[in-house]
1. Considering the stretch 102-121 alone, what residues qualify as being part of a helix (DSSP H, G or I) and open to solvent by less than 70 Å² (accessible area, probe 1.4 Å)?
2. Are there any pairs with C-beta distances below 7 angstrom linking a residue in the stretch 24-50 that is more than 16 Å from Leu85 (Cβ to Cβ) and aromatic (Phe, Trp, Tyr) to a residue that is open to solvent by less than 50 Å² (accessible area, probe 1.4 Å) and assigned to a helix (DSSP H, G or I), with the two at least 6 apart or on different chains, and if so which?
3. Check whether at least one residue in the stretch 196-207 is buried (at least 23 other Cβ atoms within 10 Å of the Cβ) and either touching a helix residue (DSSP H, G or I) at 6+ places or on another chain (Cβ under 6 Å) or among the aromatic types (Phe, Trp, Tyr) (or both), and report yes or no.
4. If a residue has to be buried (at least 16 other Cβ atoms within 10 Å of the Cβ), part of a loop (DSSP other than H, G, I, E, B) and of a type outside the set (D, E, K, R) to count, how many in the stretch 126-161 make the cut?
5. Exactly one condition in (1) open to solvent by less than 10 Å² (accessible area, probe 1.4 Å); (2) more than 24 Å from Glu228 (Cβ to Cβ); (3) out of contact with any Ser or Thr (no Cβ under 9 Å at 6 or more places or on another chain) is false for Val170; which is it?
6. Note down all Cβ pairs under 8 Å where the first residue falls in the stretch 122-137 and is at positive phi, the second is in a helix (DSSP H, G or I) and aromatic (Phe, Trp, Tyr), and they're at least six residues apart or on different chains.
7. Please go through the stretch 176-213 and give me each residue that is of a type in the set (A, V, I, L, M), over 23 Å from Arg159 (Cβ atoms) and in contact (Cβ under 8 Å) with a residue 12 or more places away in the chain, ordered by number.
8. Could you please find all residues in the stretch 67-88 being open to solvent by 30 Å² or more (accessible area, probe 1.4 Å), touching a residue at least 24 places away in the same chain (Cβ under 8 Å) and under 13 Å from Ile111 (Cβ atoms)?
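The values are calculated or read from the model by the stated rules, or taken from the named source; none is laboratory data. Source: prediction; values computed, not measured. Heads up, the Cβs are rebuilt from the backbone with ideal geometry, glycines too, and the neighbour counts pull from every protein chain shown. Please note that ligands, DNA and RNA were not included when accessible areas were found on the heavy atoms of the full protein model with its side chains. Shrake-Rupley method; radii C 1.70, N 1.55, O 1.52, S 1.80 Å.
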Amino acid sequence: MKFRRKVVTLQFQKRRRSVKIKQVLEALERFAPLPLQESWDNAGLQIGLTEAEVSGALLCLDVTEAIVEEAAKKGCNLVVSHHPLLFRGLKQVADLNDVQRTVRRAIKNDIAVVSMHTNLDNAPGGVNFKIAERLGLKDVSFGDGAEEKGQWVMGELERPMEARAFIAHVKERLEAQSAMCNELLNRQIRRVAICGGAGDFVLDEAVAKGADAFLTGEMHYHQYFGYEQQLQICVVGHYESEHFTKELLRDIIQRECPGVRCELAETNTNPILYM
């Protein structure tokens, strides 16, 4: 009986190692098809060959030299990020900047890089839905009323909150050190609009749709003006608003490709220090 169990275990482990990089890529693109990305974006395969079997997938927000090094140390030949490493074409691959060095390091270590960016933002169940989940919102849907694609979402808190309590709740759930806000709203907050990353283009529409608060990662200075007592603005930082995306990536891969070992990156790639 023990021998049989050992054989079954070894067979199971063998099956777990048989997933190819292209299968992971296909699974991610089924969830967040590339046509959902914005015209300026560059989601999808960034570096590498897709016929190789996956030894492990390191999931992250940004791709840096340190991320590639972490993947190599953990035996992962695939990095899946939210933010693409390559936005514009490279004219050379040397060591003149961090992108070039990261590309060289990935190629040297036979590590493929895949990025799911605005296609994952705009997909049903995507990044903004993950943020809403972290905040415990209910009845979450795309803010523009569409079902198949949207740049932001709207949801409701389980119980209304005063503005100061809401901001504290956001900081705790998103593990943010601080929040930049406009004048505190003097009514309770129930309906919350969310756009991870840089989302100030949503402000007017969020007001029109009856949001009490708007959460995003970063905004331009002048956009804070003019919404006093209309909308509670809460800006937590680009990294802080989206770093849980790696959990979303893990859930997709483990559901669609259960044989793949997924590792959440431990490297903090936030380039901003709060002093």
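1. Applying the first criterion (part of a helix (DSSP H, G or I)) to the stretch 102-121 yields 102-108, 118-121.
Listed by number, the residues that qualify are Thr102, Val103, Ala106, Thr118, Asn119, Leu120, Asp121.
2. So the pair list comes out as Phe31/Ile252.
3. Yes, because at least one residue in the stretch 196-207 is buried (at least 23 other Cβ atoms within 10 Å of the Cβ) and either touching a helix residue (DSSP H, G or I) at 6+ places or on another chain (Cβ under 6 Å) or among the aromatic types (Phe, Trp, Tyr) (or both).
4. Here the count works out to 6.
5. Against the list (1) open to solvent by less than 10 Å² (accessible area, probe 1.4 Å); (2) more than 24 Å from Glu228 (Cβ to Cβ); (3) out of contact with any Ser or Thr (no Cβ under 9 Å at 6 or more places or on another chain), Val170 comes up short only on (2).
6. Going by the 8 Å Cβ cut-off, the qualifying pairs are Gly125/Phe31.
7. Residues satisfying the conditions are Met180, Ala198, Val202, Leu203.
8. Glu69, Ala72, Lys74
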